[in-house]
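Only one structure is covered here, and it is reproduced in the block below.
The values are calculated or read from the model by the stated rules, or taken from the named source; none is laboratory data. Because the structure is predicted, anything quoted here is derived from the model rather than measured. Note: ideal-geometry Cβ built from the backbone for every residue, glycine included; neighbour counts use all protein chains shown. Side chains are part of the model used for accessible areas, which takes the heavy atoms of the whole protein and leaves out ligands, DNA and RNA. Shrake-Rupley method; radii C 1.70, N 1.55, O 1.52, S 1.80 Å.
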Amino acid sequence: MDVEGEPFDRKLSRRDMLRLAGFAAGVTVVAGPAAACGAAAKQVGATTSTAKETGALQVLDWAGYANDMPHHATYAAYLKKYPQNKPQFHFMTNESDALGKIRSGLKVDLFRPYVGWVEYFAASGLVEPWDPSLISNFNHLNPFMIKAGQYQGKQYGIPDDWGFDAILYRSDKVKPAAQSWALLFDDRYAGKIAWFDDLEMITIAGMHLGAKDPWNQTSAEQDQSKSFLISKKHLARTYWSSETDLWQSFGAGDIWIAYAWPNDWVQMKAKGLPVVYMHPSVGQEKPIAWVGMFMLLKGTPRPSLAHAFVDSWSSKPSAAWLENNYGYGHANTEARPTSSDLLHALKLTDPHAVGLPNAYLDRNIPQRAAYAKLWDQVKAA
């Protein structure tokens, strides 16, 4: 097996195991005939209001997902129903980039930051909550992830894709001393390492150095994380922000070790490279789990179309396509990948895959501006 992780004794259906995750988190989902009738009545109203909405749906998304193919699987159902409102995509490289574009006047209907930003955007006044009753696939989404998209009791984020920040490495070139984030800072592999160009590197450094709360480090811990990264930055050949750049460098043999996502492992396996997707597990170290959260811009002129788009993204066919083609998990509990390797890489047999004890679910960074400044200082040093 070329994915490191603990063995499992029996197989659970993904639906079963994600329901267990919801129960373990204390989440209760109640549905019945009355609820179904109410949702159906609201859906009729949504269809009527959708007919009044005009123009292309404006979507701000990551470049790898903003695919303008006529029948892209993740939103095929939307295209079939609303061909006259085909989505127009705008690209974001990360959440800070999205925030800057929105504040600079980019008019979009919805966008997709990750779970660590839900609280920030919900409190910013830039977004408004969703109406889950207008999303027919909502009850098929992982309750644990649904709860992670809530702020002050309202559903600001609709969960869809999910995965891990972990380490990808060439097993024929690299021999880790331990399953640790330390591999990103290993002097033996100077010039063969790729870091992620994001303030999350401050979080990773803090975790590796033993900060009590890597997402909310003290001033002293922040200084320690910054100094540590500066002392190790000569080891990194590149800081990647585009996955295609990472794939090119890793595929060409320029990089042997990288801060990576599951899709990067899938892409390098497809190139025939002997690669391992390692989940750090030394001490308090763990991978960081992320969940993509669609968020609705406040005052959008196309709210019903936005709900329809997200409903399409949340469907079982969309989920299965995403898992099999991108190597990411999906919040729809009825989907699972056909690859047993991918099943293991995403730990889909574990009901706590995106939470403890396997991973830290990404979270809000109270001192986000300070972390961003620290990361800029690391790069400029």
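Taking the accessible area of segment 164-229, probe 1.4 Å, and keeping the other protein chains in place, the carbon and sulfur fraction comes to 46%.
Here segment 241-381 is assigned +1 on the Cβ of each Lys and Arg and -1 on the Cβ of each Asp and Glu. Its dipole about the Cα centre then comes out at about 360 debye.
So how much slack lies between D341 and S241, counting 0.36 nm per residue of separation and subtracting their Cα-Cα distance, in nm?
Working it through step by step, the gained length comes to 33.4 nm.
Rolling a 1.4 Å probe over the protein chains gives W256 an accessible area of about 60 Å². Per residue, segment 274-337 exposes 25 Å² of accessible surface when a 1.4 Å probe is rolled over the protein heavy atoms with every protein chain present. So for segment 96-181, taking the charge dipole from beta-carbon charges (+1 Lys/Arg, -1 Asp/Glu), which of Y156, P143, Q179 sits furthest toward the positive end? My answer, from the dipole projection, is Q179. Using θ = phi - 60° in the Karplus curve 6.51 cos²θ - 1.76 cosθ + 1.60, the 3J(HN,Hα) couplings for segment 100-115 round to x, 5, 5, 5, 7, x, 5, 9, 10, 8, 8, 8, 9, x, 9, 4 Hz; x is entered for Gly and Pro. Were the residues from A372 through Q150 laid out at 0.36 nm apart, the gain over their Cα-Cα distance would be 77.4 nm.
Heavy-atom accessible area with a 1.4 Å probe sorts R112, R368, R188, R336, largest first, into R188, R336, R368, R112.
Could you tell me the calculated FRET efficiency between A51 and S227, based on Cβ-Cβ distance and R0 = 45 angstrom, to the nearest 0.05?
Details: r = 59 Å, r/R0 = 1.31.
Between A51 and S227 the formula returns 0.15.
Between S124 and H234, the FRET efficiency from the beta-carbon distance, with R0 = 35 Å, is close to 0.40.
For F164, the residues whose amide H sits under 5 Å from its own are W290, ignoring neighbours fewer than 5 places away on the same chain, with H placed 1.01 Å from N. Distance between the modelled labels on R188 and K379, one decimal in nanometres: 3.0 nm (7 Å Cα→Cβ projection).
Sparsely packed loop sites in segment 123-183 (the trypsin sites (Lys or Arg not before Pro) outside DSSP H, G, I, E and B with at most 15 other Cβ atoms within 10 Å) comprise K173. Net charge in the neighbourhood of S304 (other residues with Cβ under 9 Å of its Cβ; Lys, Arg +1, Asp, Glu -1) is +1. Among D245, D160, the order of accessible area from largest down is D245, D160, computed with a 1.4 Å probe on protein heavy atoms.
Here H234 sits with roughly 120 square angstrom of accessible surface, probe radius 1.4 Å.
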